[in-house]
Amino acid sequence: MDKIKVLMVDDESRMRKLVNDFLSRKNYEVIEACDGEEAIDKFYADKDIALVILDVMMPKMDGWEVCREIRKNSSVPIIMLTAKSEENDELTGFECGADEYISKPFSPKILTARVDALVRRTYQIDNSEIIEIGGIEIDKAAHIVRIDGNEIELSYKEFELLTYFVENKGIALSREKILNNVWNYDYFGDARTIDTHVKKLRKKMGEKGDYIRTIWGMGYKFEV
């Protein structure tokens, strides 16, 4: 399948690169624009752009103007980015026709998950993967966990941690290995952070939390 094209519009090159790096890992093709006018030119030049990530505060044309212009001719999903967290800004974004609104600073992984969900919902792409084990159901695409049919609230890291455990069921995992695979390079600190997250995860899972076994002096193992 051809890569899905995303137009990333931000006057900060560092921000464009950050988003480009994360989306490229998920097999998206990212087209960059540094201001509103360039964004409009690139959007109309490439009919295959499937989603737009749009910063609000930009030179030449701000994000609101760009969003309104795109909405005149296209229903492509638009995610607005802004350093402001005012309710009025969010309302303005939705009135312009934006589909999502994310305040800076934000987690690139959360943004990527939002992009995945919007693309899947808009274009009805079925890239979901559901894992079921011991009464636990993990919908990786939608980032939803259900236990015995009831959805539970997990943070992004708790979701990734549980998914990693389940995908490596029966394997003893050291804290260092868990850090390397769940936190990747964007975490520098004490491996004991794993213990804190596991404690919270077990509590939210109720009796199913017993599936996460402690391997003393090493780490954890998921067993049903």
Within segment 93-185, which helices (runs of 4 or more DSSP H) (wholly inside it) include 3 or more residues that are free of Cβ contacts under 8 Å to residues at least 12 places away in the same chain and surrounded by 15 or more Cβ atoms within 10 Å (Cβ to Cβ)? none
Output the number of the condition that Gly36 fails; it satisfies all remaining conditions of (1) crowded, with 19+ Cβ neighbours inside 10 Å; (2) within 24 Å of the chain's Cα centre (by Cα). (2)
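Report whether or not Ser24 is hydroxyl-bearing (Ser, Thr, Tyr), in the same structural domain as Val115 (by TED's automatic domain parsing) and assigned to a loop (DSSP other than H, G, I, E, B). Please lay out each step first, then the result.
Working: hydroxyl-bearing (Ser, Thr, Tyr): yes; in the same structural domain as Val115 (by TED's automatic domain parsing): yes; assigned to a loop (DSSP other than H, G, I, E, B): no.
Against the criterion (hydroxyl-bearing (Ser, Thr, Tyr), in the same structural domain as Val115 (by TED's automatic domain parsing) and assigned to a loop (DSSP other than H, G, I, E, B)), Ser24 does not qualify.
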Every listed condition ((1) modelled with pLDDT under 90; (2) surrounded by 22 or more Cβ atoms within 10 Å (Cβ to Cβ)) holds for Val19 save (1)
Regarding Gly63, is this residue at pLDDT 85 or above and in the same structural domain as Arg202 (by TED's automatic domain parsing)? no
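The values are calculated or read from the model by the stated rules, or taken from the named source; none is laboratory data. Computed from a predicted structure; not experimentally measured. Note that we place each Cβ from the backbone using ideal geometry, even for glycine, and neighbour counts take in every protein chain shown.
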